[in-house]
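**Q** Here it is, the structure, as C-alpha cells.
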Amino acid sequence: MLFRSYPIGVGDHIIIAMWGGAEFQHEYVVGKDGSIFPEGLGKIYVQGQTFENAKGMVTARIRKSVPSSTKISVSLGQPRSINVNVVGNVNKPGPLTVSAFSNAFNVIAKAGGVTEYGNLRSIQVKRGGKVIDELDVYKYLTTGDFGKQIYLENNDFVIVGFAEKTVMAAGLFKRPMYYQLKKDEGLQALLSFSGGLKPDAYGAAIKVNRIENH
C-alpha cells in the first residue's frame, strides 16, 4: 500500500469516510498535540505512528461506534510541510520547504539538480548528525532501487559530495560517455553501466589511458 510506512506528524490531513451502515466523510488535521478528534470518538493520538498503524487505530476506534455493516476508509490527504537542507554539489544549495511525502531525489531536483562535480553514487541523508541513508543514482536508474525509502523530516540534511572518480567510456561502447565509479569499481562496472560493447568491438584490445598529475 502506498505511503503505509509514512510517519504521521502535526499538520498532516487524514480523511475518514464511511458508507453502508453509516454515511460520513470528513478531513481532519493532526493537531499540535499529535491527535485528531472525530466527534463522538474522542481524541486519537496518531503522531509518530506509521500511516498503516494510524489507519488501524482509527478504524478500530470507529468500529466500536458504528453498525457492523459499515464500510470504513481511512486515507491520507494533504501532507504537512517540512524544512530540509540541501548542501554540497547542487546548483541551488540551501534550505528548502517541501512536502513531507518528498524523498532525497525530489529535494535534489528542487535544488536544481547535481552539478558536474557532484557524486551521483553516494548521496547522503543525515539526521541528527548521523547518516541514515545513502542513495546511488546509478542503482536507481538500473534497478529502480532508491534506498530504504525513508521519508524526510524537519531539519534533515541531503548532502551531495564530490564524485570519487570519473571515467570516459570511448569508442565502441553501446553508450559512450563519462561514468562515475566508486573507489572499488573497475572495468566490469564500466561495461555494465555503458551497456557493454558493440558487436563489432574488439574486446581483447581494450585500452586504458590514465592522466596523472595533469
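The values are calculated or read from the model by the stated rules, or taken from the named source; none is laboratory data. As the structure is a computational prediction, the values presented were derived from the model and not from experiment. Positions of Cβ are backbone-derived with ideal geometry, glycine not excepted, and every protein chain shown enters the neighbour counts. Only protein heavy atoms, including side chains, enter the accessible area calculation; ligands, DNA and RNA are left aside. Shrake-Rupley method; radii C 1.70, N 1.55, O 1.52, S 1.80 Å.
**Q** Determine which single condition L152 fails, assuming it passes every other condition in (1) open to solvent by 30 Å² or more (accessible area, probe 1.4 Å); (2) assigned to a loop (DSSP other than H, G, I, E, B); (3) closer than 30 Å to D12 by Cβ; (4) aliphatic (A, V, I, L, M).
**A** (1)
**Q** Here's another thing I want to ask about it. Which of the numbered conditions does T142 fail, given that it passes all the others? Conditions: (1) open to solvent by 80 Å² or more (accessible area, probe 1.4 Å); (2) touching a helix residue (DSSP H, G or I) at 6+ places or on another chain (Cβ under 7 Å).
**A** Condition not satisfied by T142: (2).
**Q** Starting from residues that are among the acidic types (D, E) and either within 30 Å of P95 (Cβ to Cβ) or surrounded by 14 or more Cβ atoms within 10 Å (Cβ to Cβ) (or both), keep the ones in the stretch 155-186 and report whichever is modelled with the highest pLDDT. Before the answer, list the steps.
**A** Filtering the stretch 155-186 down to residues among the acidic types (D, E) leaves 156, 164, 184-185.
Now narrow it down to the ones that are either within 30 Å of P95 (Cβ to Cβ) or surrounded by 14 or more Cβ atoms within 10 Å (Cβ to Cβ) (or both): 156, 164, 185.
On the way: D156: 97, E164: 92, E185: 93.
Step by step, filter the stretch 155-186, then rank; the result is D156.
**Q** Moving on. Does N119 meet the test of being in contact (Cβ under 8 Å) with a residue 60 or more places away in the chain, surrounded by fewer than 17 Cβ atoms within 10 Å (Cβ to Cβ) and assigned to a strand (DSSP E or B)? Spell out the reasoning first.
**A** Working: in contact (Cβ under 8 Å) with a residue 60 or more places away in the chain: yes; surrounded by fewer than 17 Cβ atoms within 10 Å (Cβ to Cβ): no; assigned to a strand (DSSP E or B): yes.
The answer is no for N119.
**Q** If G94 passes every condition in (1) open to solvent by less than 40 Å² (accessible area, probe 1.4 Å); (2) within 27 Å of S192 (Cα to Cα) but one, which one does it miss?
**A** Answer for G94: the failing condition is (2).
**Q** Check the stretch 19-34 and report whether any residue there is open to solvent by 50 Å² or more (accessible area, probe 1.4 Å), without any contact (Cβ under 8 Å) to a residue 60 or more places away in the chain, under 28 Å from the mean Cα position of the chain (by Cα) and on the phi > 0 side of the Ramachandran plot. It would help to see each step written out before you state the result.
**A** Quick first cut of the stretch 19-34, residues open to solvent by 50 Å² or more (accessible area, probe 1.4 Å) only: 19-20, 23-27, 29, 32-33.
Narrowing further to those that are without any contact (Cβ under 8 Å) to a residue 60 or more places away in the chain: 19-20, 23-27, 29, 32-33.
So of that shortlist, the ones also under 28 Å from the mean Cα position of the chain (by Cα) come out as 27, 29, 32-33.
Remaining after also requiring on the phi > 0 side of the Ramachandran plot: none.
No; the residues of the stretch 19-34 include none that is open to solvent by 50 Å² or more (accessible area, probe 1.4 Å), without any contact (Cβ under 8 Å) to a residue 60 or more places away in the chain, under 28 Å from the mean Cα position of the chain (by Cα) and on the phi > 0 side of the Ramachandran plot.
**Q** Of all residues in the stretch 97-112, which are open to solvent by 20 Å² or more (accessible area, probe 1.4 Å) and outside any strand (DSSP E or B)? Even if it seems obvious, please write down each step before you answer.
**A** Filtering the stretch 97-112 down to residues open to solvent by 20 Å² or more (accessible area, probe 1.4 Å) leaves 97, 99, 101, 103, 105-106, 109-110, 112.
Correct list: F101, N103, F105, N106, A109, K110, G112.
**Q** Still on this structure, I have one more. How about the stretch 160-193: which of its residues are in contact with a Lys or Arg (Cβ under 7 Å, 6 or more places away or on another chain), touching a residue at least 40 places away in the same chain (Cβ under 8 Å) and either hydrophobic (A, V, I, L, M, F, W, C) or at positive phi (or both)?
**A** Across the stretch 160-193, the qualifying residue is only L181.
**Q** Something else now. List every residue pair whose Cβ atoms lie under 7 Å apart, where the two residues are 6 or more positions apart in sequence or sit on different chains, the first residue falls within the stretch 93-111 and is without any contact (Cβ under 8 Å) to a residue 12 or more places away in the chain, and the second residue, located anywhere, is of a type in the set (V, I, T).
**A** N106/V98
**Q** Output the residue which, of all residues in the stretch 25-54 that are in a loop (DSSP other than H, G, I, E, B) and of a type in the set (D, E, K, R), is nearest to R80 (Cα to Cα). Give the steps one after another, and end with the answer.
**A** In the first step, residues of the stretch 25-54 are kept if they are in a loop (DSSP other than H, G, I, E, B); the result is 30-34, 37-43, 46-49.
Subsequent filtering for residues that are of a type in the set (D, E, K, R) retains 32-33, 39, 43.
Numbers: K32: 12, D33: 15, E39: 23, K43: 20 Å.
My answer is K32.
**Q** Regarding I62, is this residue at negative phi and surrounded by 18 or more Cβ atoms within 10 Å (Cβ to Cβ)?
**A** On the way: at negative phi: yes; surrounded by 18 or more Cβ atoms within 10 Å (Cβ to Cβ): yes.
Yes: the conditions hold for I62.
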